[in-house]
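Student: Can you keep this structure in mind? I'll have questions shortly.
The values are calculated or read from the model by the stated rules, or taken from the named source; none is laboratory data. Since the model is a prediction, treat every value here as computed from it, not as a measurement. Here the Cβ is made from the backbone with ideal geometry for all residues, glycine too, and neighbour counts use every protein chain on show.
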Amino acid sequence: MFAVIRSGGKQHRVAENDRIVIERLAVEPGDLVAFDQVLMLAEDGKAPLVGAAVPPEARVFGRVLEHPRGPKLIIFKKKRRKNHRRTRGHRQDLTAVRIASISLTGDASAAEAAEPVPAAAPTVDAVAAAPVLEPALQE
């Protein structure tokens, strides 16, 4: 099953366990977020539900993974022969979301049962975990 949702003025095609990057949401990493603007629902072997055919209580639930920033964009404006140049930079604030479930009835129980994302899992130092290789003897 997949759905088309609207978030941040854009449309996203999502299925369960998909990772999407959308415009910044005001939620903390690990929280459950519900997308209520479901534009289309489709299942394999069935006709898709589009527009008014989509139940109004349909929801897509996801867990917030992190809040990254987009790539830096350079905005350069110039007026020729006028000695006028302006350079501006922009980085969009984003939110990464893992889709937990798609619900026709708006029930969040399946999404809440999904594993919450750990805040910051401890990692083993890559240098300490790397195998030690003996240098070859040179004569």
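Student: Being among the charged types (D, E, K, R), exposed (fewer than 14 other Cβ atoms within 10 Å of the Cβ), at pLDDT 80 or above and not in a loop (DSSP other than H, G, I, E, B) is the filter here, so list the residues in the range 92-139 that pass it.
Tutor: From the range 92-139, those among the charged types (D, E, K, R) are 93, 98, 107, 112, 115, 125, 134, 139; that's our starting set.
Next, from what is left, pick out any that are exposed (fewer than 14 other Cβ atoms within 10 Å of the Cβ): 93, 107, 112, 115, 125, 134, 139.
Pick out the ones that are also at pLDDT 80 or above and you get 93, 107.
Across the range 92-139, the qualifying residue is only Asp93.
Student: Scan the range 1-12 residue by residue and report those that are more than 18 Å from Ala111 (Cα to Cα) and either in contact with a Cys (Cβ under 6 Å, 6 or more places away or on another chain) or assigned to a strand (DSSP E or B) (or both). Lay out the reasoning, then the answer.
Tutor: Quick first cut of the range 1-12, residues more than 18 Å from Ala111 (Cα to Cα) only: 6-12.
Within the range 1-12, Arg6, Ser7, Lys10, Gln11, His12 meet the criteria.
Student: I would also like to ask the following. I'm trying to understand the selection: among the residues of the range 21-35, which are part of a loop (DSSP other than H, G, I, E, B) and charged (D, E, K, R)?
Tutor: Let us first name the residues in the range 21-35 that are part of a loop (DSSP other than H, G, I, E, B), namely 24-31.
Answer for the range 21-35, where residues must be part of a loop (DSSP other than H, G, I, E, B) and charged (D, E, K, R): Arg24, Glu28, Asp31.
Student: Do we have His84 as out of contact with any Ser or Thr (no Cβ under 8 Å at 6 or more places or on another chain), more than 27 Å from Gln11 (Cβ to Cβ) and at pLDDT 95 or above here?
Tutor: Yes.
Student: Quick one: what pairs do we get from the range 11-30, first residue surrounded by fewer than 13 Cβ atoms within 10 Å (Cβ to Cβ), second not aliphatic (A, V, I, L, M), C-beta under 8 Å, 6+ apart or different chains?
Tutor: Ala15/Phe2; Asn17/Arg98; Arg19/Arg98
Student: Considering only residues that are without any contact (Cβ under 8 Å) to a residue 40 or more places away in the chain, surrounded by 10 or more Cβ atoms within 10 Å (Cβ to Cβ), within 30 Å of the chain's Cα centre (by Cα) and part of a strand (DSSP E or B), which ones fall in the range 61-91?
Tutor: Answer for the range 61-91, where residues must be without any contact (Cβ under 8 Å) to a residue 40 or more places away in the chain, surrounded by 10 or more Cβ atoms within 10 Å (Cβ to Cβ), within 30 Å of the chain's Cα centre (by Cα) and part of a strand (DSSP E or B): Glu66, Arg69, Leu73, His90.
Student: Taking the range 36-60 on its own, how many of its residues are under 15 Å from Ser101 (Cβ atoms) and either of a type in the set (Asp, Glu) or not in a loop (DSSP other than H, G, I, E, B) (or both)?
Tutor: Number of matching residues: 7.
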